[in-house]
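Taking it in order: structure first as structure tokens, then the write-up.
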Amino acid sequence: MTHSQDRMFRFLIRIARGGVVLLMISVAVAIDAVSTERFEAEVRQEWQTRIDDLSLKLQSTILQNIQTVWGLAANVSVEPDIGEARFEELAAVIFRLAPELRNIGLAPGFIIRYMYPLEGNEAAIGLDLESQSLSSEQTRMLLDSERAVFSGPINLVQGGQGLAARIPIFENVSGEFWGVISVILDLTSLYDSVNLTSMASDAVLSLSTTTDLGNSGGVFFGATDVTWNKPVHSSLEMPGVSWTLLAQPRDGWPGHPEAPWMTRSILAFLVLLAIGATFWLTQLLLRDRQMQQRFWGLFELAPVGIGLYNANNRKLIRANRSLEYIMGNAPNSLGYFDKAFDEHGKDLAGGFGILDKLANKFQFSGQQGYLRTATGTLKPIVLHGLRLDTPGENPVIWLIAEDISEQKKADRIKNEFISTVSHELRTPLTSISGALGLILGGATGQLPDKTRQMLAIAHRNTDQLRALIDDLLDIEKLASGNMSITMEHHSLNEAVTTAIEDIRAYADQKRVQIRQLETSPGLYAYFDQKRLKQALTNLLSNAIKFSSEHKEVMVKIQRRESQVVIEVADQGPGVPESFRGRIFEKFAQADSSSARSKEGTGLGLAVTRELMCVMGGEVGFESKEGEGACFWLALPVADKNEL
């Protein structure tokens, strides 16, 4: 990972942070703008509804008044020769039903003959509506539509403004045009009846005969010097007139909701939260980047070989320098590790079996073997493996390969030294032991008791030392592959019985009983009788050594599937939890202090494991601390009749 790549990564992080900040601010501003526009639209819609309702109510009131007057027109059409008294009687009733009426005039042939109320309206008698009030277009509309035609607003002589309506009358019998009823409605009373005046207290209202906002000459209700700012409007259409009702709030349209800071505070909080989360996540990315840099630095500088492989196609993804130094370019695939050898150059069945080992467990450790390098030489390796499965990605396998050539070389030198020293010590120790035995046997005459005791201790220690040397030589032979093994077909019962009889004297000395159980009689296997006896004797010796007086050691032979198993169970203290992982190592003892209470070299179980390995068997144990231990030897079962 180069410095320029790191600089580019940090630059991209800064760009991402800045982009998120700008994006979140833009989104917040857009949301605030949309919220404000929506609020303004809702306010305008509310005002539009109010104005539409007001316009509709005003028009309905006008038409209701006119509809009342149609009753008079119906009477006149039936009674064309209606007199003044009859007219005033009917008009009085209409006035009570339509309080917004200012006056009613009856005009046969467009000339007003009667007027109600007459007082104050005397000047209207004899008025020719066709020539003095109605336009030719209105007259034509009146006759063609046979409906009321409106005109206004008009300024009234008595003061105020009114709306004039002319209702045509056609004789009921002949159907000929008779004349009109002229009706004047008081606009002020109309305004009050629909609460138009009261609404003007919190709104700027205007009634105009034009839709042009700049033309104040058409305004007949409301202020004329108003600066309109997108007012709402509603049209009031009746035959002969077209009015427009305009309105806007007296204090102007609100630019934001009543409590805008609450919404904006929430938006600001969300923006800060998103920005904070972005900075936190990008900081995690930077830390992860730093950890990756440190990891890959350690990866490259590690003294052991490390390789990363694709678990699906088994190809090498990346390897550090140490792996290339140890193995060269050979381990380009996991298949390279399938061809492994033992220390004598013989093929190991299945090699390291990496995929098999990781199929059920996600890791393995401490697998030893020899691999052939690119130069053709065999190199001892300790292999550790780990499988990582990541959702959505290919699984990978990490392999750590340790070159133990120097360790093997040191072990070989040590074994050679031990072998040499053991061989050099064995002959004189045999002579010393034999001489001490002869002396103790009375070959040189009667010995004083104190001298005999001292010689007995020396003879016992000499035998222990010779046993240690024998174990060391066995370990060396097993490690070098030089131990002679004769695999033959034998009865397990006979081999076990012989081993028990040979060690019974030691058991009697320790006052421990040995009991043999054969749960599956007649079992046979291939093994070296001498070496199996040696392995079993080591287990029996340990069981006796760790048993208290008058306790019992149980020996059991049984079959488990394709194996025959020899179990040696004691009633001793059991194997400590901290010691179980190294119990089969050389010189391993649970109590390794110089003051330990149990004698022994710590080689017995190590020799047993090696012996069982070369005979194709296994050794193991089960133990619960404080409740004894059960060690077992397992061999492949053989048919009784096999030769």
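Quick notes on this structure:
- Normalised convex hull volume, the range 4-162, alpha-carbon set, Å³ per residue: 204 Å³
- The range 42-258: relative contact order in percent, alpha carbon pairs under 8 Å with at least 6 residues between: 21 percent
- Cβ-based charge dipole, the chain, positive-most Cα from GLY120, VAL226, VAL27: VAL27
- Between the range 125-157 and the range 248-309, the alpha-carbon center distance in angstrom: 77 Å
- Relative contact order of the chain, pairs being alpha-carbon contacts under 8 Å that are 6 or more residues apart, as %: 7 percent
- Spin-label pair LYS414-LYS450: with each label point 7 Å from Cα along the Cα-Cβ axis, the two points sit 4.4 nm from one another.
- Computed on protein heavy atoms with a 1.4 Å probe, the accessible areas place LYS408, LYS545, LYS339 in the order LYS339, LYS408, LYS545, largest first.
- Around ILE184: net Lys/Arg minus Asp/Glu count, Cβ-Cβ under 12 Å: 0
- When +1 charges are put on Lys and Arg Cβ atoms and -1 charges on Asp and Glu Cβ atoms, the dipole computed for the chain relative to its Cα centre reaches about 5140 debye.
- Its Cα centre serving as origin, the range 42-258 has a Cβ charge dipole (Lys and Arg +1, Asp and Glu -1) of approximately 240 debye.
- In plain terms, the chain from VAL43 to GLU122 could stretch by 23.4 nm, reckoned as 0.36 nm per residue minus the Cα-Cα distance.
- Cross-link pairs beyond the 27 Å C-alpha cut-off, checked among LYS346/LYS414; LYS409/LYS545; LYS339/LYS361: LYS409/LYS545
- Euclidean distance of C-alpha centroids, the range 319-335 and the range 370-416, integer Å: 10 Å
- Cα Rg over Rh - the range 485-642, Kirkwood: 0.96
- Within the chain, helix-based [θ] at 222 nm, where runs of 4 or more DSSP H residues each add -39,500 (n - 2.57), nearest 500: -15500 deg cm²/dmol
- With a 1.4 Å probe rolled over the protein heavy atoms of all chains, the accessible area of PHE170, PHE352, PHE279 falls in the order PHE279, PHE170, PHE352, largest first.
- Entry for P(r) over Cα pairs in 20 Å bins from 0, in percent (calculated from the structure that is shown) out of [x] 12, 23, 14, 10, 9, 12, 13, 7, 1, 0; [y] 14, 25, 18, 13, 13, 11, 5, 1, 0; [z] 15, 35, 27, 19, 4, 0: [x]
- Additional length obtainable on full extension of the chain from LEU273 to ASN229, 0.36 nm per residue less Cα span: 11.9 nm
The values are calculated or read from the model by the stated rules, or taken from the named source; none is laboratory data. These numbers come from a predicted model, not from an experiment. With ideal geometry, Cβ positions are generated from the backbone for all residues, glycine too; neighbour counts draw on all protein chains shown. Areas reflect the complete protein model, heavy atoms only, side chains present, ligands, DNA and RNA absent. Shrake-Rupley method; radii C 1.70, N 1.55, O 1.52, S 1.80 Å.
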